[in-house]
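Here the structure comes first, spelled out in structure tokens, and everything after it is commentary.
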Amino acid sequence: MPKLENEEEARYIRIMLENAERLLKKTYPAYATGSIRLMIVLENPRAVFRTNEIMDELYPYFVGASLGWHDYLASTARLFKEDSNYRIPVKADPDIVIKYIKASHDLLAEVVGPRGGVKVG
């Protein structure tokens with residue numbers, strides 16, 4: 001599930017999944033409610049700082065998270081477009097992950113891991 005930015009969007013997804021499962025169960029009585037699982041891809045700096053809230057809203061569907069760093073960099077550039085001191089890192093830089101993305105990956109792992117979620121680096 002890519003592009004989630006906050007818990008309000010996550011709540012919308014959870015409600016949609018609850019309704020879908022209810023319809024599936026009605027149509028196919030053998031369907032085991034709770035079978036759907038979501039791996040989220042955080043592609044926005046705001047989402048990284050709202051990970052706990054997003055995970056809470058997606059319960060019981062949430063299974064793990066990863067950082068989509070190409071879109072993450074583009075989103076960061078959009079956030080700081082008015083800041084003349086900000087420069088988007090060049091994607092060809094071999095150290096880009098170490099220099100610019102590692103802190104966000106570490107934060108994501110610190111939040112998702114202890115709560116039982118799968119964290120993809």
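Since every read-out is calculated from the coordinates, none of them should be taken as a lab result. Treat the numbers as computed from the prediction; the structure is a model and nothing was measured. With ideal geometry, Cβ positions are generated from the backbone for all residues, glycine too; neighbour counts draw on all protein chains shown.
Tell me the relative contact order for the chain as a rounded percent, counting alpha carbon contacts under 8 Å between residues six or more apart. Can you show the working numbers first?
On the way: 153 pairs, mean separation 33.6, N = 121.
This gives 28 percent for the chain.
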*Which value in nm describes the separation of the simple spin-label points at Glu82 and Leu38, placed 7 Å from the Cα toward the beta carbon?*
3.1 nm
*Compute log10 of I(q)/I(0) for the range 1-52 with the Debye formula, placing one identical point scatterer on every Cα and leaving out solvent, at q = 0.19, 0.20, 0.23 Å⁻¹, to two decimals.*
-0.67, -0.72, -0.83
*Can you figure out the FRET efficiency of Leu24 with Asn52, using R₀ = 30 Å and their beta-carbon distance, to the nearest 0.05?*
0.55
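If I stretch the segment between Arg11 and Ala109 completely, what's the gain in nm (0.36 nm per residue apart, minus their alpha carbon distance), one decimal?
Values: separation 98, 0.36 × 98 = 35.28 nm, distance 2.20 nm.
Fully extending the segment from Arg11 to Ala109 adds 33.1 nm.
Per residue and in cubic angstrom, what volume does the convex hull of the Cα atoms of the chain have?
Values: hull volume 13.1 nm³, N = 121.
Normalising the Cα hull of the chain by residue number yields 108 Å³.
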_Nearest-20 debye value, the chain charge dipole, Cβ charges on Lys, Arg, Asp, Glu_ = 320 debye
*Who wins for biggest fluctuation among Ala32, Ala103, Ala47 in a Gaussian network model of the chain, springs between alpha carbons below 10 Å?*
Ala32
*Using a Gaussian network for the chain with springs between C-alpha atoms less than 10 Å apart, which of these wobbles most: Ser75, Ser104, Ser84?*
Ser84
*Within the range 25-59, which residues have the backbone N less than 13 Å from the label spot 7 Å out from Ala74 along Cα→beta-carbon, could you tell me?*
43-44
*Under a cut-off of 13 Å between alpha-carbon atoms, report the aspartates and glutamates in cross-link reach of Lys26, not counting same-chain residues fewer than 8 places apart.*
Glu18
